[in-house]
Amino acid sequence: MPDTQRPHYEIVIVGGGLSGLGTAIALKKAGFHDLLIVDDADGPGGTWQWNTYPGVAVDIPSFSYQFSFAQRSTWSRTYAPGRELRMYAKQIVDEYNLTPHLQFSTRVHKATFDAPSAHWLISTSGGDVTARWLIHAGGPLSQPKLPEIDGIDTFEGATMHTSRWDHEVSVAGKRVGIIGTGATAVQVIPEIAPDVEHLTVFQRTPIWCLPKPDFPLGRVGRAGLKKVPGVRQGARLASQAFVEATFPVLAHFHRWIPGTAALEVAARKYVAMQVDDPTTRNKLTPTYALGCKRPSFHNSYLSTFNRDNVALETTSIEAITPNGIRTTDGAEHELDVLILATGFKVTDKDALPTYQLTSSNGTDLAEHWDAERFHSYQGVTTAGFPNFFTVFGPYGYNGASFFTLVENSAAHIVRVLDEARRRQATSAEVTATAQEKYMTSILARRPLQVFTNPTCAGANSYYFTKNGDVPFRASTTLEAAWQSRRFSLADYTFAE
């Protein structure tokens, strides 16, 4: 192409977390080297770069929470702490020579597709760039969601969201309040409870919390993983089977799986074993089906409520005041530190993507999905938006290891770009027919999912969109992996 029409980069990837890094590695292995990765953090790792709160760790086994092509035998525990995932991201960058492609502290504001040149025009905090292909690799746990509570800006103590933990603030000897009892709070609460003067946990909806098979691997365990033939492979296989059974199979094929009621009985017994006070125990026991909301795994979260300096408050919050929190019963909870464990923007209109993305005819992707409901082709492409891919798009993730999703999405993207390169095409777009066929097949499985259970209405789960949809890929991991690598290339149109 003439220089006046040549984009700055062949490929721009938005997101320097593990999804962006994994996608970049797949592209480089396929011979695509003219790429730029931008991220608004100051280092690689995404979720693990941002989240440094006390107790942060993975909630699926480390043997599964890693790339298949970059497995480690150095994890300190079966469930690795966050600092080891941050280190893993940095190691990946070094091993695959990604540093020349990375640009940190750069936030994307807008992306517009220009049809005549088949370029994406991308506006960032570091300047404007153009790209032939745009890949959104921003994860679902990157944009903090603040609670909509009156007076939140009036609190005179220290306030912080768990994903932006302020290590300059000490909670030792302080009166601390934490809003939320989701997966993050489950990790934070047991960690800080022994240090604070008093901890008040403000709960809207209880979470199913199950025992966590978390134990140190030790020198012998790590040596076995590294040196004994078959041990690492066996550990990964067992881990993958555990992850598959505890979410994709249980959630998406709930109606076919016998014994799901027995799992809830066991979970209730676990709460009863862990919590002494019957009133507190009842408040901590969910009334919705196991699976409606993301369950958590922790060995000391529930028992933390047996401490004299920890109180569970389930009365609704009326307002945040300069001195703390006032609940609807008129009680004033005086606080020195307020922690917001209120999760992330996952299915919010401004979450996927986190910037304005517009097709050549002026259609805004967020507006399009908001009006038409989420849809995609394998969670990777959307009809009407050529040359654009998402690693974590709607109906692409089946709930297994996030790394499996990244490898599947990357394989899909590489396959399309390989074909475009073979044809010398400057644009590629999934057909509306292929997209509709995929969505029909996925939605046909909805009656089998746990999410159709009527009790899910009271779960306050971020799985559900405002329309009541749950944009997961209802499939097993093996099926998703096969389809990501074997879809028909006729499902795309390519143009020179």
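The values are calculated or read from the model by the stated rules, or taken from the named source; none is laboratory data. Quantities reported herein were computed from a predicted structural model and do not represent experimental measurements. Cβ: placed from backbone, ideal geometry, glycine included. Neighbour counts: every protein chain shown. These accessible areas exclude ligands, DNA and RNA; they are computed on the full protein's heavy atoms, side chains included. Shrake-Rupley method; radii C 1.70, N 1.55, O 1.52, S 1.80 Å.
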Between 0 and 90 degrees, rounded to the nearest ten: what's the tilt of helix 402-423 against the longest Cα principal axis of the chain? 10 degrees
Magnitude of the charge dipole, segment 328-482, Cβ model with Lys/Arg +1 and Asp/Glu -1, debye to 20: 920 debye
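Given a 1.4 Å probe and every protein chain left where it sits, what share in percent of the accessible area of segment 128-186 is carbon and sulfur?
Details: 1190 of 2500 Å².
With neighbouring chains kept in place, the figure for segment 128-186 is 47 percent.
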Can you give me the C-alpha center-to-center distance between segment 154-216 and segment 93-108, rounded to a whole angstrom? 32 Å
Helix 218-227 against the longest principal axis of the chain: what's the angle in degrees, Cα atoms only, rounded to the nearest 10? 20 degrees
Expressed as a fraction of 2.2 N^0.38 Å, the rule-of-thumb size for a compact globular protein of N residues, what is the C-alpha radius of gyration of segment 108-241? 1.62
Please report the orientation-averaged projected area of segment 297-345, defined via the convex hull of its C-alpha atoms, in nm². 5.0 nm²
Here segment 401-496 gives, from Cα atoms, an Rg and Dmax in Å of 16.4, 52
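Given the -39500 (n - 2.57) contribution per DSSP H run of 4+ residues, what per-residue ellipticity at 222 nm results for the chain, rounded to the nearest 500 deg cm²/dmol?
On the way: 12 runs with 137 residues, N = 496.
Theoretical 222 nm ellipticity from helices: -8500 deg cm²/dmol.
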Answer in debye to the nearest 20: the dipole magnitude of segment 1-75 about its Cα centre, from +1 Lys/Arg and -1 Asp/Glu charges placed on Cβ, is 320 debye
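Report the charge-dipole magnitude of segment 50-130 in Debye, nearest 20, computed about the Cα centre from +1 at each Lys and Arg Cβ and -1 at each Asp and Glu Cβ.
The dipole of segment 50-130 has a size of about 260 debye.
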How many angstrom lie between the Cα centre of segment 218-243 and the Cα centre of segment 424-495? 33 Å
Place +1 on the Cβ of every Lys and Arg and -1 on the Cβ of every Asp and Glu in segment 1-81, take the dipole about the Cα centre, and give the residue among 78, 50, 66 whose Cα lies farthest towards its positive end. 78
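Could you state the per residue volume, in Å³, of the convex hull enclosing the Cα atoms of segment 306-402? List each step's numbers first, then the result.
Working: hull volume 18.6 nm³, N = 97.
Dividing the Cα hull volume of segment 306-402 by its residues yields 192 Å³.
Express the relative contact order of segment 15-98 as a whole percentage, based on alpha carbon pairs under 8 Å and six or more residues apart in sequence.
Values: 81 pairs, mean separation 29.7, N = 84.
Once divided by the residue count of segment 15-98, the mean separation gives 35 percent.
Mean separation of Cα pairs under 8 Å and 6+ residues apart, divided by the residue count of the chain: what relative contact order is that in percent?
Values: 963 pairs, mean separation 98.6, N = 496.
After rounding, I find 20 percent.
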Mean accessible area per residue over the chain (1.4 angstrom probe, all protein chains present, square angstrom) is 43 Å²
Part-to-part distance (alpha-carbon centres) for segment 358-372 and segment 258-301, which is given in Å: 41 Å
Just reorder 269, 28, 345 by solvent-accessible area, largest first, 1.4 Å probe, all chains present. 269, 345, 28
At 1.567 mPa s and 4 °C, plugging the Kirkwood radius over alpha-carbon pairs of segment 106-183 into Stokes-Einstein gives what diffusion coefficient in µm²/s? 77 µm²/s
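So, counting K/R as plus one and D/E as minus one, what does the shell of residues with Cβ under 14 Å around residue 107 add up to? Mind dumping the intermediate values first?
On the way: positive: 110; negative: 39, 40, 42, 128, 350.
Here the charged neighbours net out to -4.
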Between helix 477-486 and the chain, what is the angle of the helix's C-alpha long axis to the longest principal axis, kept within 0 to 90° and rounded to the nearest 10? 10 degrees
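How many times 2.2 N^0.38 Å is the alpha carbon radius of gyration of segment 327-471? Intermediate values should be presented prior to the final figure.
Working: Rg = 19.0 Å, N = 145, 2.2 N^0.38 = 14.6 Å.
It is 1.30.
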Any aspartates and glutamates with Cα under 17 Å of the residue 110 Cα? List them, leaving off those in the same chain fewer than 8 positions away. 39, 40, 128, 350, 364, 367
